[in-house]
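Okay, so here's the structure we're looking at.
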């Protein structure tokens, strides 16, 4: 997803006091994160996942510590599952953003639910578009002028194919090897430079683009899920398999700080949907 995205950082151990009340171990709050992955995380710690991690560390009375590693193939192996040299301890303990049910981690319940949106740059001939499907109804001469960001993965590309607009796609990689720019930064730059006019982006990434432009620079159209094409996803925090106590404590923090978390997400212009009830296990 996110081409969703990357969107996909970490926290620390919590213990029970002997009197049965909940207390937290006096240790560091260790987070694994991508050093250049706005709007999620950055080494300057201005991403929304950084802010939520800082909130949790403060609530726990712990020092926040990061292990930085690019969030691409091998991220979990080199962070969450990586042991420190000559130690049984791990580099970090919690990934701050993973899809609910992620198969590489044990996930908490969702702490936000978002969706893909279509961003259309205003003033370039597409201001009449009010729903995404209108693009496929345009005269062929107009369709041929469309420049739509198309990712190597993600539902946006599948949607373009389903409505016959795949040839109007401009290809992008969902995981960039660039150490100076991530996907959201590249899309923002290319929209400004008119290399593309339209992008179907995972909600947080769309929020990043919107935050970098003057108000009303874009038409924002939600992408609705439909059979065999899902555009909305729940995001959780991930821990190592077997680390059930940490998972439970994170879920407690999520529940206790629901309002603050929502405010942080809204501050990053993340489009939020109600979190669906967890699926029943049979």
Which ones in segment 192-222 are under 28 Å from residue 278 (Cβ atoms) and surrounded by fewer than 21 Cβ atoms within 10 Å (Cβ to Cβ)? 222
Is there a residue being under 30 Å from residue 155 (Cβ atoms) and modelled with pLDDT under 90 anywhere in segment 84-92? no
So which helices (runs of 4 or more DSSP H) are wholly in segment 67-168 and hold at least 3 residues that are more than 30 Å from residue 247 (Cα to Cα) and under 26 Å from the mean Cα position of the chain (by Cα)? 155-162
Quick check on my filter: what residues within segment 100-140 are in the same structural domain as residue 241 (by TED's automatic domain parsing) and loosely packed, with under 15 Cβ neighbours inside 10 Å? 101, 103
Which listed residue, of 38, 70, is at pLDDT below 95 and under 24 Å from residue 185 (Cα atoms): 70
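The values are calculated or read from the model by the stated rules, or taken from the named source; none is laboratory data. All figures in this text were calculated on a predicted structure; none of them were measured in a lab. We place every Cβ from the backbone using ideal geometry, glycine too, and count neighbours over all the protein chains shown.
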